[in-house]
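Asks: Here you go, one structure.
The values are calculated or read from the model by the stated rules, or taken from the named source; none is laboratory data. Just so we're clear, the structure is a prediction, and the values are computed from it rather than from any experiment. Cβ atoms come from the backbone with ideal geometry, glycine included; neighbour counts cover every protein chain shown. The protein model used for the area step is the full one, side chains on, heavy atoms only, and it has no ligands, DNA or RNA in it. Shrake-Rupley method; radii C 1.70, N 1.55, O 1.52, S 1.80 Å.
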Amino acid sequence: TEPYILPTPVEVAKSWWTLTLSGELITAAGASVLVFILGFAIALATGIPLGIATGVSQPLRDFFDTYVTIFWSTPSIALLPLLIVWFGLTFETKLVLVFLSAFWPLVINTQVGIQNVDKSYVEVATAFGATRMEILKHVLFPASVPYLVAGMRIAVGRAIIGVIVAELFTSVTGLGARMTYY
């Protein structure tokens, strides 16, 4: 291809090196990482407890299940125009998109993990006089960790996509903004 249409790999490498030395790439990556960490942390702090609550409580599961299904099946990126209308082209828009991208896999996987704990474990803990909180703390939560980790792996990938897409369309900072500029 012609270099004016698509740069050669050598030109890309030279530009990468120049941007790295100038500090522009590091600054952009820092802005992206900040949005990712904050959005992901909020998703962890809210998604796991909601997943636990819906995993142990049938009435809560019945109430939230429809909403979880709707929002999980809706691509978070499709909500970007609505988020821009609500929050403008701000840091909060990026943060909400990252949060929404990571939140649903955490809720679903935590809920499924809690529900799939072998019932005999709960029966043994109950037989030994464990309270509901002790069963949750010492039986349900530890047994659901593989599901939780799987949810976190999915959430990380979706959150990274959320950061880049949000920055492509909403900001002048971060890696997405640098991609748009260059």
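Asks: Can you report the number of residues in the stretch 116-168 which are acidic (Asp, Glu) and closer than 30 Å to residue 92 by Cα?
Replies: Quick first cut of the stretch 116-168, residues acidic (Asp, Glu) only: 118, 123, 134, 167.
Then keep just the ones that are closer than 30 Å to residue 92 by Cα; that gives 167.
Qualifying residue count, the stretch 116-168: 1.
Asks: Which residues, counting only those in the stretch 62-88, are of a type outside the set (S, T, N, Q) and outside any helix (DSSP H, G or I)? Walk me through how you get there before you give the answer.
Replies: Step one: filter the stretch 62-88 for residues of a type outside the set (S, T, N, Q), giving 62-65, 67-68, 70-72, 75, 77-88.
75, 88, listed by residue number.
Asks: Still on this structure, please answer the following. Report, by residue number, each residue of the stretch 63-99 that is more than 20 Å from residue 48 (Cβ to Cβ) and among the small types (Gly, Ala, Ser).
Replies: Matches in the stretch 63-99: 73, 78, 88.
Asks: Still on this structure: Which residue out of 87, 91 is over 15 Å from the mean Cα position of the chain (by Cα), open to solvent by 80 Å² or more (accessible area, probe 1.4 Å) and modelled with pLDDT under 90? Reasoning before the result, please.
Replies: On the way: 91 fails: open to solvent by 80 Å² or more (accessible area, probe 1.4 Å).
So the residue among 87, 91 that is over 15 Å from the mean Cα position of the chain (by Cα), open to solvent by 80 Å² or more (accessible area, probe 1.4 Å) and modelled with pLDDT under 90 is 87.
Asks: Of these, 78, 28, 53, which one is more than 27 Å from residue 106 (Cα to Cα) and hydrophobic (A, V, I, L, M, F, W, C)?
Replies: Values: 78 fails: more than 27 Å from residue 106 (Cα to Cα); 53 fails: more than 27 Å from residue 106 (Cα to Cα).
Answer to the selection: 28.
Asks: Residue by residue through the stretch 1-40, note down the ones that are out of contact with any Leu (no Cβ under 9 Å at 6 or more places or on another chain), in a helix (DSSP H, G or I) and open to solvent by less than 50 Å² (accessible area, probe 1.4 Å).
Replies: Residues satisfying the conditions are 20, 30, 36, 40.
Asks: Assess whether residue 79 counts as being touching a residue at least 24 places away in the same chain (Cβ under 8 Å) and surrounded by 14 or more Cβ atoms within 10 Å (Cβ to Cβ).
Replies: Values: touching a residue at least 24 places away in the same chain (Cβ under 8 Å): no; surrounded by 14 or more Cβ atoms within 10 Å (Cβ to Cβ): yes.
No; evaluated as a whole, the condition is false for this residue.
Asks: Another question, if that's okay. Condition first: over 14 Å from the mean Cα position of the chain (by Cα) and either surrounded by 14 or more Cβ atoms within 10 Å (Cβ to Cβ) or polar (S, T, N, Q) (or both). Now tell me which residues in the stretch 41-50 satisfy that. Lay out the reasoning, then the answer.
Replies: Restricting attention to the stretch 41-50, the residues satisfying the condition of being over 14 Å from the mean Cα position of the chain (by Cα) are 49-50.
The one that is over 14 Å from the mean Cα position of the chain (by Cα) and either surrounded by 14 or more Cβ atoms within 10 Å (Cβ to Cβ) or polar (S, T, N, Q) (or both): 50.
Asks: Here is a follow-up. Is one or more of the residues making up the stretch 42-63 within 18 Å of residue 153 (Cα to Cα) and touching a Gly at 6+ places or on another chain (Cβ under 7 Å)?
Replies: no
Asks: With the structure loaded, tell me whether residue 110 is touching a residue at least 60 places away in the same chain (Cβ under 8 Å), open to solvent by less than 70 Å² (accessible area, probe 1.4 Å), over 26 Å from residue 61 (Cα atoms) and part of a helix (DSSP H, G or I) or whether it fails that test. Before the answer, list the steps.
Replies: Values: touching a residue at least 60 places away in the same chain (Cβ under 8 Å): yes; open to solvent by less than 70 Å² (accessible area, probe 1.4 Å): yes; over 26 Å from residue 61 (Cα atoms): no; part of a helix (DSSP H, G or I): yes.
Against the criterion (touching a residue at least 60 places away in the same chain (Cβ under 8 Å), open to solvent by less than 70 Å² (accessible area, probe 1.4 Å), over 26 Å from residue 61 (Cα atoms) and part of a helix (DSSP H, G or I)), residue 110 does not qualify.
Asks: Where in the stretch 120-182 are there helices (runs of 4 or more DSSP H), lying wholly inside it, with at least 3 residues that are open to solvent by 80 Å² or more (accessible area, probe 1.4 Å) and touching a residue at least 60 places away in the same chain (Cβ under 8 Å)?
Replies: On the way: elements: 132-135, 145-170, 174-181.
Counting at least 3 such residues, we get 145-170.
Asks: Another question, then. Taking the criterion of being among the aliphatic types (A, V, I, L, M), over 30 Å from residue 143 (Cα atoms) and either part of a helix (DSSP H, G or I) or touching a helix residue (DSSP H, G or I) at 6+ places or on another chain (Cβ under 9 Å) (or both), would at least one residue in the stretch 50-61 satisfy it?
Replies: Taking the stretch 50-61 first, the residues among the aliphatic types (A, V, I, L, M) are 50, 52-53, 56, 60.
Among the residues that remain, those that are also over 30 Å from residue 143 (Cα atoms) are: none.
Among the residues of the stretch 50-61, not one is among the aliphatic types (A, V, I, L, M), over 30 Å from residue 143 (Cα atoms) and either part of a helix (DSSP H, G or I) or touching a helix residue (DSSP H, G or I) at 6+ places or on another chain (Cβ under 9 Å) (or both), which makes the answer no.
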